[in-house]
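Here is the structure we will look at, set down as structure tokens.
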Amino acid sequence: MTSRITLISPAMNRSLRETRFDDGCSLDPSGAARAASVAGSLRSVDRVLVSPTVRCRETASALGLAAVVEPGLAGLDVGRWRGLTLDEVMGREPDAVMGWLTDPDAVPHGGESVRGLCERAVRWLDVAGGFEGRTLAVVEQEFVRAVVVAVLGASGEAFWRLDVVPLSATDISGRGGRWNVRVGRELGGVDRSV
């Protein structure tokens, strides 16, 4: 049995625009409109899951999806940095930020390490490997990164080398614990996936 999963990153909002650690803000009007404009381009799936964050739930809604909230798909817990911009944290704690960006085990914010997120992604992939048919999940960009790192068997250091643009799709397929990945497909374009 082959499991096919499409991970969709959330549409644009103020936090993404300002490089702000998720503060629970809604999609901005342009992000919601962009998501709504590609709603009809998605292929039918057997299940739709969504991260518990506001922007992921609103993206799923704007895409016309009736999604089940899956807590295990949450983005990286950045602890006390939540709601701050990267520039604000760099101004206050430059060494902590640099350590966080270079050491996948670092947790200067008191939340979750990058390695911890990648391990959580591996556990989710173990479960998802048992999904029959097609699954679509709207998840934070950092969860997409963690899945790609896991699928490729890359080191935690590779996490920061992956860019995930808003409202893009990453497709994974696999069986028996072996996954393949296709990254960065623009939603609304021609879908040539198998």
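No value in this document is a laboratory result; all are computed from the given coordinates. A quick note: this is a predicted structure, and the numbers were derived from the prediction, not measured. Reconstructed Cβ throughout: ideal geometry from the backbone, glycine too, with neighbour counts over all protein chains shown.
Looking only at VAL38, VAL149, VAL114, which one moves most when the chain is put into a Gaussian network model with springs between Cα atoms under 10 Å?
The residue with the greatest mean-square fluctuation here is VAL38.
Need one number: nm distance between label points at ARG92 and VAL68, each 7 Å from Cα along Cα→Cβ, rounded to one decimal.
Spacing of the two 7 Å Cα→Cβ label points: 3.9 nm.
Highest mean first, what order results for 23-30, 53-60 on Cβ atoms within 10 Å?
Ranked from most to least packed, the peptides come out as 53-60, 23-30.
Treating only the Cβ of Lys, Arg, Asp and Glu as charged (+1, +1, -1, -1), what charge dipole size does the chain show about its Cα centre? Round to the nearest 20 debye.
Using Cβ point charges on Lys, Arg, Asp and Glu, the chain gives about 720 debye.
For the chain, what Kirkwood radius comes out of the mean inverse Cα-Cα distance, in Å?
16.9
If you average 1/r over all unlike Cα pairs in the stretch 12-101 and invert the result, what Kirkwood radius do you get in angstrom?
14.6
Could you check what % of the DSSP bridge pairs in the chain are antiparallel, to the nearest 5? Could the numbers behind the result be given before it?
Values: 15 of 26 bridges.
Bridges in the chain are about 60 percent antiparallel.
What dipole magnitude, in Debye to the nearest 20, does the stretch 1-82 give about its Cα centre under +1 on Lys/Arg Cβ and -1 on Asp/Glu Cβ? It would help to have the intermediate numbers written out before the result.
Values: 11 positive and 8 negative charges, 24 e Å.
Dipole size: approximately 120 debye.
Against the longest alpha carbon principal axis of the chain, how many degrees, from 0 to 90 and to the nearest 10, is the axis of helix 141-152 turned?
70
Taking 0.36 nm per residue of sequence separation and subtracting the Cα-Cα distance, how much length would be gained by fully extending the chain between SER44 and MET1, in nm to one decimal?
Difference between extended and current length: 13.6 nm.
Can you give the convex hull volume of the alpha carbon atoms of the stretch 95-158 per residue, in Å³?
Here the figure is 82 Å³ per residue.
Among TRP124, GLY83, THR102, which residue has its Cα furthest toward the positive end of the charge dipole of the stretch 62-194, with +1 on Lys/Arg Cβ and -1 on Asp/Glu Cβ?
Of the listed residues, the answer is TRP124.
Which value at 222 nm does the chain reach when only helices count, each DSSP H run of 4 or more adding -39,500 (n - 2.57), with the total divided by all residues and rounded to the nearest 500 deg cm²/dmol?
-9500 deg cm²/dmol
For the stretch 16-94, with the dipole built from +1 on Lys and Arg beta-carbon atoms and -1 on Asp and Glu ones, taken about the Cα centre, which of SER44, LEU73, PHE21 lies farthest toward the positive end?
SER44
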